[in-house]
Amino acid sequence: MMELLAQTGLNAVYAASYISLVAVGLVLIFGVMGVVNFAHGELFMAGAYAVVALYADMHLPFFVAVPIGMLFVGMLGLLMEWGLFRPLKDNPLGGLVASIGFLMILQSLAVMGFGVRMEHIPPVTQEVWRITDKVGVPVARLYVIVAAVVLLSALWYFLKRTRFGWALRASAQDPEAAALQGISITQTARIAMFIGAALAGVAGALTAPLVSVNPHMGHSVIVTAFIVIIVGGVGSLEGAIVASVVYAFVHTFVTTFSDGVLADIVGLSLMLVVLIVKPTGLFGSADRA
Amino acid sequence: MTDFLEMRGLTMRFGGLMAVDGLSFKVAHGSIHGLIGPNGAGKTTTFNMMSGFYTPTSGQILLRGEDISGLAMHEVARRGVVRTFQHSTLFAELTVLENALVGTHMPFRPNIFAAIVGWDREDRRGAEARAREALEFFGLSDLVEERAGDLSHGHQRALGLAVAYASHPDVMLLDEPFTGMNPEETRQMMELMRRLKADGITILLVEHDMQAIMGLCDTITCMSFGKFLAEGGPAEIRHHPAVIEAYLGGARHVA
Amino acid sequence: MLKPLMFLFGAVALIALPHGLSFSQQEILVFLVINILLVTSYRLLTLTGEWSLGHVVIMGVGAYASALLTKELGVAVPVAMFLGGITSALLAVLLSFPLFRMKGFYFLIGSFAAGEIIRLIWKRFREPFGGVRGISGIDPMPDFSLGFYSFDFFEPVSYYYFAGVIVLACLWVLWRIEKSPVGLTFHAVHWQDKLAQASGVNLRAYRTLAFAIASGFAGIAGALQAHYVGTVNPNSFDIEVMVFVLTWAIVGGTTTFYGPILGCVLLTVINEIVLRGMGFEQARPLIYGAIMILSILFLPNGLESIVQKFLPRRSTAKSDRKAEA
């Protein structure tokens with residue numbers, strides 16, 4: 001029993017890792033640009049398909065495919081910023097609807113390019129990092145955990161310690177005041193969109209060999225990301241990370257000890273309860289509401 | 001006999017800040033009552049408590065002896081106490097007539113089933129008559145089909161009053177009605193308020209500018225730093241040492 | 001004098017319409033009629049300023065309720081359809097307690113979550129909802145004859161007439177509501193909720209009322225669909241369908257009654273007849289997505305804003321002006 005608990009805990013850590021990569025990107029985009037990116041799950045999907053194309057089909061090394069995929073999805077983010085969110089910056093509902101349109105385009109491109117069937121991706125490594133005889137983490141999952149820790153720490157450093165990061169946070173808090181201080185809103189929006197999309201892309205790329213890659217995989221990703229950012233407080237990066245961990249543990253344990261659908265219901269109910277009791281989320285500040 | 005409208009020990013605390021502290025005063029039926037005070041005296045907070053926008057931390061607001069503090073805004077309105085808003089808060093997308101029709105919501109409560117079947121013709125006619133009456137009262141009859149957002153500033157203010165008036169209120173709470181008006185507009189607005197009073201409506205107005213309401217009010221209550229300071233007729237308040245001190249002191253703080 | 005003639009002409013056109021179409025086009029026509037009711041009911045909700053992402057699931061509630069009532073309790077189909085609408089409306093009242101604590105973006109996400117929970121409940125509980133595969137073998141509408149016309153519900157044309165009459169009746173009710181003082185109050189709640197409240201309007205009650213009415217008619221649309229298709233399952237009411245509804249409303253525009261209908265008809269024609277006919281089967285979502293983006297970028301007030309330019313301006317219609325602003 002102890003072993004099962006420990007193993008489930010490790011599985012949850014893995015889930016928390018990729019969920020937080022996706023959710024932090026979504027929060028960053030919302031914080032800086034004030035727009036809900038419904039296509040975020042499809043950016044994750046695009047990252048996964050980059051690995052399908054480069055690693056599975058073209059036989060490039062996995063660790064070459066992942067950064068290329070990350071950059072590619074980052075560029076998709078720039079495209080969205082330029083084509084959708086900048087022209088619609090005074091129309092938040094419009095931005096949301098446009099991102100839904102973009103989602104359909106990406107999904108449809110994936111169907112046309114790769115077919116609707118699940119992709120088979122050869123495993124990167126079969127190794128398992130053993131902690132005890134019965135408890136261990138597959139190394140492929142370990143990559144995801146390490147990547148999340150490294151990338152999120154780097155993002156934290158970037159936001160808190162560099163001038164760009166300072167500008168980003170300033171324009172998230174008060175765009176007008178930031179503009180008066182000479183911060184280019186367009187520039188910060190571009191950076192936020194690139195980073196946010198790239199984080200989703202790398203999460204998709206790294207998990208591609210571990211999950212079933214298909215054109216509709218974005219749906220459950222975006223649902224999860226929404227739950228996490230609401231529970232954590234929209235606009236709070238720390239909240240998103242903590243909520244990712246909470247959600248991953250709840251979901252993984254309910255899935256292991258009951259079933260996946262019930263876990264989804266529990267997750268969504270968690271979000272509804274937070275919305276009702278404290279709409280600003282566990283870490284949200286009141287003025288964001 | 002119970003008093004018409006009475007504040008009793010009204011207190012509002014925001015966190016550590018005491019915005020209004022044990023305020024008590026009475027408003028006589030059919031009078032124009034001014035609530036004045038320097039910036040930050042707690043006038044607007046008091047106003048917001050009276051209109052149901054805030055729930056007082058403690059204290060009571062008694063309307064004909066009934067405690068209405070803490071009721072929702074629409075509940076307060078349904079008891080005959082109707083507020084207006086600072087600036088030009090209107091249904092900008094709707095026409096002038098439609099704005100006034102929303103004001104008739106209380107006397108002519110819409111009924112969805114009657115509306116579908118068409119049994120509410122009487123009510124609709126009555127509501128429209130009342131709305132036109134209110135618009136005429138405020139000299140807006142020629143503008144009924146205009147979009148409210150397109151009106152001039154002065155007309156928007158008048159429409160704001162017309163929407164409130166259309167509901168047959170007993171008390172109208174006016175939030176800084178003279179702000180941003182030139183002397184001519186101010187004069188016209190004062191005339192409208194006298195006519196409202198002649199119509200039997202009690203008026204409570206909150207004003208920062210002491211001079212603007214001196215010629216209008218029957219009674220003036222002055223507050224300072226959340227507390228009751230003085231009360232009396234215009235002449236009395238104008239020469240009240242505490243009031244002069246508060247305004248000068250306040251002015252020094254502001255400057 | 002002109003008006004009755006126009007109505008007569010419109011009625012003849014609607015009656016004659018299916019006879020010039022192929023069988024599969026007739027089937028699409030039935031769905032189009034049902035979707036017109038769905039999107040028009042959605043617009044009633046947007047009148048109060050709230051955009052929901054749960055409307056299609058609420059439609060599904062009507063479909064499931066009507067299917068179960070006929071299957072498990074043997075209720076007659078038309079009665080079950082009506083009760084399906086009632087079920088949706090009642091559920092909306094229930095959902096309004098948590099959801100109307102939120103506004104704007106939070107309401108959007110909250111309604112999405114509520115909808116997903118309902119869908120997951122259908123999936124999880126095989127009894128009575130049939131799990132992932134849903135309910136099949138739903139009773140069709142029983143055939144009947146009016147003397148001059150016999151309804152044979154294996155024919156899409158018959159179901160088109162049947163659904164058409166119901167939908168027209170529902171649209172009439174929705175139209176009456178919007179043009180009534182109740183509709184004016186919905187507008188008031190949308191544009192200045194504080195001022196509406198100061199005029200004695202109970203905001204919660206009116207927002208709930210709009211939500212319940214919109215949901216009730218969505219439920220009827222769902223029931224109409226269930227008894228035509230014969231099956232319901234959780235995936236026929238997923239977010240993708242919601243996206244279609246949202247697109248119709250936005251491409252058409254929501255300031256007028258006819259805007260969403262216009263969007264629904266035009267996009268359905270493009271989607272089903274032009275694209276499918278031209279063999280762009282797989283690219284349809286792509287083109288749909290592109291239309292959505294282009295219309296929000298270049299036609300933010302919807303198709304209705306084009307129509308309004310050609311219509312004589314009526315002084316009482318409140319909505320005409322937004323396009324000009």
**Complete:** Among helices (runs of 4 or more DSSP H) completely within region C:172-231, the ones holding 2 or more residues that are more than 18 Å from the chain's Cα centre (by Cα), among the hydrophobic types (A, V, I, L, M, F, W, C) and more than 9 Å from chain B (Cβ to nearest Cβ) are C:181-191
**Fill in**
The residue from A:ILE100, A:ILE191 that alone is farther than 24 Å from A:ALA65 by Cβ, at pLDDT below 90, in a helix (DSSP H, G or I) and within 17 Å of the chain's Cα centre (by Cα) is A:ILE100
**Prompt:** Is it the case that B:ALA162 is closer than 16 Å to B:ASN99 by Cα and either among the hydroxyl-bearing types (Ser, Thr, Tyr) or more than 12 Å from every other protein chain (Cβ to nearest Cβ) (or both)?
**Reply:** no
**Message:** Being crowded, with 24+ Cβ neighbours inside 10 Å, β-branched (Val, Ile, Thr) and within 13 Å of A:LEU155 (Cβ to Cβ): is that true of A:VAL35 here?
**Reply:** no
**Request:** Looking only at region B:86-105, count how many residues are touching a residue at least 60 places away in the same chain (Cβ under 8 Å), surrounded by 21 or more Cβ atoms within 10 Å (Cβ to Cβ) and out of contact with any helix residue (DSSP H, G or I) (no Cβ under 6 Å at 6 or more places or on another chain).
**Result:** 1
**Residues of region B:64-85 classified as in contact (Cβ under 8 Å) with a residue 60 or more places away in the chain and of a type outside the set (Lys, Arg), total** = 7
**Request:** Determine which single condition B:GLU145 fails, assuming it passes every other condition in (1) surrounded by 21 or more Cβ atoms within 10 Å (Cβ to Cβ); (2) farther than 28 Å from B:ALA41 by Cα.
**Result:** (1)
**Residue, surrounded by the fewest Cβ atoms within 10 Å (Cβ to Cβ), within region B:22-44, restricted to residues that are modelled with pLDDT under 90 and on the phi < 0 side of the Ramachandran plot** = B:ASN39
**Asked** For the subset of region B:52-70 comprising residues that are of a type in the set (D, E, K, R) and either modelled with pLDDT under 90 or out of contact with any Phe, Trp or Tyr (no Cβ under 7 Å at 6 or more places or on another chain) (or both), which member is surrounded by the most Cβ atoms within 10 Å (Cβ to Cβ)?
**Response** B:ASP67
**Members of region B:97-131 that are facing another protein chain (nearest Cβ under 7 Å) and within 20 Å of the chain's Cα centre (by Cα)** = B:LEU101, B:VAL102, B:GLY103, B:HIS105, B:MET106
**Request:** May I ask you to list pairs of residues, at least six apart or on different chains, whose Cβ atoms are under 7 Å apart, with the first in region A:183-195 being closer than 16 Å to A:LEU152 by Cα and the second being among the β-branched types (Val, Ile, Thr) and modelled with pLDDT of 85 or more?
**Result:** A:ALA192/A:ILE29; A:ALA192/A:VAL32; A:MET193/A:ILE29
**Asked** With (1) modelled with pLDDT under 90; (2) at the interface with chain C (Cβ under 10 Å from one of its Cβ atoms); (3) in a loop (DSSP other than H, G, I, E, B) as the list, and A:HIS219 as the residue in question, which single condition is left unmet?
**Response** (3)
**Asked** Of the residues C:GLY104, C:GLY60, C:GLY20, C:GLY49, which is within 30 Å of C:PHE151 (Cα to Cα) and surrounded by fewer than 20 Cβ atoms within 10 Å (Cβ to Cβ)?
**Response** C:GLY20
**Item:** Residue check for C:ALA163: within 14 Å of chain B (Cβ to nearest Cβ) and in a helix (DSSP H, G or I)
**Value:** no
**Asked** Scanning for something surrounded by fewer than 24 Cβ atoms within 10 Å (Cβ to Cβ) and either facing chain A (nearest Cβ under 10 Å) or of a type in the set (Ser, Thr, Tyr) (or both), does region C:260-267 turn up at least one residue?
**Response** no
**Message:** Pairs please, first residue from region A:199-216 and closer than 18 Å to A:MET104 by Cα, second anywhere and of a type in the set (Asp, Glu), Cβ atoms under 8 Å, 6+ apart in sequence or on different chains.
**Reply:** A:VAL213/A:GLU119; A:ASN214/A:GLU119
**Complete:** Subset of region A:30-48, residues touching a helix residue (DSSP H, G or I) at 6+ places or on another chain (Cβ under 6 Å) and either in a helix (DSSP H, G or I) or more than 14 Å from chain C (Cβ to nearest Cβ) (or both), comes to A:GLY31, A:VAL32, A:MET33, A:HIS40, A:GLY41, A:GLU42, A:LEU43, A:PHE44, A:MET45, A:ALA46, A:GLY47, A:ALA48
**Message:** Any residue at all in region B:138-159 that's more than 10 Å from chain C (Cβ to nearest Cβ), under 29 Å from C:ILE213 (Cα atoms) and in a helix (DSSP H, G or I)?
**Reply:** no
**Asked** Restricting the search to region B:217-233, which residues are touching a strand residue (DSSP E or B) at 6+ places or on another chain (Cβ under 6 Å) and at negative phi?
**Response** B:CYS217, B:ASP218, B:THR219, B:ILE220, B:THR221, B:CYS222, B:MET223, B:LYS227, B:PHE228, B:LEU229, B:ALA230, B:GLU231
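If you scan region C:110-146, which residues turn out to be of a type in the set (Ser, Thr, Tyr) and more than 14 Å from every other protein chain (Cβ to nearest Cβ)?
C:SER136, C:SER145
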**Complete:** How many residues of region C:31-75 are over 30 Å from C:GLN192 (Cβ atoms), in contact with a Gly (Cβ under 9 Å, 6 or more places away or on another chain) and modelled with pLDDT under 95? The answer is 1
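The values are calculated or read from the model by the stated rules, or taken from the named source; none is laboratory data. Computed from a predicted model, the values in this text were never measured in an experiment. All Cβ positions, even for glycine, are placed from backbone atoms using ideal geometry, and neighbour counts span all protein chains on display.
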